[in-house]
Amino acid sequence: MAQRDYYEILGVSKGASADEIKKAYRKAAIESHPDRGGDEAKFKEVTEAYEVLKDPGKRQRYDQFGHAGVGGNPAGGGFDFGSNPNVNFDFGDLGLGDIFSSFFGGGFNNPNQGQPGRGHDVEARVEIDFSEAVFGTEVDLKLTLEDVCEHCKGSTAEPGHDLKTCSTCNGSGQITRVTRTVFGNIQQASICHTCKGSGKVPEKVCTVCNGKGTKAKAQSIKLKVPAGVDDGATIRLREHGEAVANGKKGDLYVFIRVKPHKQFTREGDLILSDEHIDMVTATIGGEIDVNTVDGPVRMKIPAGTQSHSDFKLSGHGVPHLRGGSRGAHIVTVIVDTPVKISKEQQELLKKFAESDGAKGKKGFFR
């Protein structure tokens, strides 16, 4: 579905000042904020538009290239890929500002709370290179985790012996306590400390794990990091966390950190870089080699190019996480003025300036 124009979303003209854009955003954000009964999707759309238009650099690229100039990854929280049901992504709010982050939250929530009979979740961190984040990679995680005891297969009982009903909770897995208060009797239930909520205990405990059902074990886990993953992303591997007796394993949450690149920066699915050219090339035009993540690319410089002009190299940015096309590489051209020139070069420049001025023009770059 085509994205709406950011100016239209905020209800301002393309020539609107920074103050006008800010006032329009505040009004639209208050009207659409879910806490005030507004529409959550509308609030996200308004915030995304403001994040682009309030930044002079992003606004310039948007005016020049449209949505392709400011990154095509939509703002949002979770991603689930059908090709691998064991992987879930959580990218937080992608930096969409204080109001956005305060409403939609963020941070890590432990899904284990209040769920007996499930192993602990585990956190791990990996650091990858910029190019690995762009094209994807595979990481070998080395972890020591509680795994199912190989001797008793997690039953907690010595092989050849059965499980029996827990005498503490009579097989219910819970202990109920009644407390008398001025408001009457309050009944409170908690997990049985003897059977850990299973309602069963071994006739004879396992001689290897001492009835725990698990043993610490060094593990090697292959993590496939998809192309397009960004710094700060979280990948969840379901049931790759720690084991528990007679229950499911917890989940493994892997936090991704991407090392900064010496030349490139990233905004969504865009890659940004600067290229320096001399004033002669800027004046009469030419071609230059531009470094991209795909290698050198030949780029045409039109005559009369001004310093800090932006050029778009389509298809040389970051792949979209949901598959399909790639973003663009935005090249900002910086025109270098020579510091030391010969007398002959000075004379040539003076003649050029005189001839330029004789035609009623103000200078080299207009």
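The values are calculated or read from the model by the stated rules, or taken from the named source; none is laboratory data. Remember, it's a predicted structure, so these values are computed and weren't measured experimentally. Every residue, glycine as well, gets a Cβ built from its backbone with ideal geometry; the counts of neighbours run over all protein chains shown. We work out accessible area using only protein heavy atoms, side chains counted, and drop any ligands, DNA or RNA first. Shrake-Rupley method; radii C 1.70, N 1.55, O 1.52, S 1.80 Å.
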Selected residue (criterion: farthest from Gly66 (Cα to Cα)) from residues of segment 14-28 that are in contact (Cβ under 8 Å) with a residue 12 or more places away in the chain, in a helix (DSSP H, G or I) and open to solvent by 30 Å² or more (accessible area, probe 1.4 Å) = Lys22
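How many residues are under 28 Å from Arg266 (Cα atoms), without any contact (Cβ under 8 Å) to a residue 40 or more places away in the chain and surrounded by 12 or more Cβ atoms within 10 Å (Cβ to Cβ) if we restrict to segment 29-59? Spell out how you get there, then give the answer.
Going through segment 29-59, the residues under 28 Å from Arg266 (Cα atoms) turn out to be 29, 40-59.
Restricting the remaining residues to those that are without any contact (Cβ under 8 Å) to a residue 40 or more places away in the chain gives 40-42, 46, 54-57, 59.
When the remaining residues are screened for being surrounded by 12 or more Cβ atoms within 10 Å (Cβ to Cβ), the result is 40, 42, 46, 54-55, 57, 59.
Residues that pass the stated criteria total 7.
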Whichever residue in segment 336-356 is among the aliphatic types (A, V, I, L, M) and part of a helix (DSSP H, G or I) and, among such residues, is farthest from His308 (Cα to Cα) = Leu348
Taking the stated definitions as given, is Arg298 exposed (fewer than 13 other Cβ atoms within 10 Å of the Cβ) and under 34 Å from the mean Cα position of the chain (by Cα)?
-> yes
Name every residue in segment 294-306 that is in a loop (DSSP other than H, G, I, E, B) and without any contact (Cβ under 8 Å) to a residue 40 or more places away in the chain, in order of residue number.
-> Asp294, Pro302, Ala303, Thr305
Kindly provide the set of residues from segment 175-190 that are within 24 Å of Lys200 (Cα to Cα), touching a Ser or Thr at 6+ places or on another chain (Cβ under 7 Å) and either open to solvent by 70 Å² or more (accessible area, probe 1.4 Å) or free of Cβ contacts under 8 Å to residues at least 12 places away in the same chain (or both), ordered by number.
-> Gln187, Gln188
Among residues of segment 310-320 being open to solvent by less than 70 Å² (accessible area, probe 1.4 Å) and touching a helix residue (DSSP H, G or I) at 6+ places or on another chain (Cβ under 9 Å), the residue nearest to Asp63 (Cα to Cα) is Asp310
Can you name every residue in segment 209-240 that is in contact with an Asp or Glu (Cβ under 8 Å, 6 or more places away or on another chain), outside any strand (DSSP E or B) and among the aliphatic types (A, V, I, L, M)?
-> Ala233
Scope segment 275-293; condition in a strand (DSSP E or B) and in contact (Cβ under 8 Å) with a residue 60 or more places away in the chain; matching residues = His276, Asp278
For segment 257-269, does any single residue satisfy the condition of being more than 25 Å from the chain's Cα centre (by Cα), free of Cβ contacts under 8 Å to residues at least 12 places away in the same chain and not in a strand (DSSP E or B)?
-> no
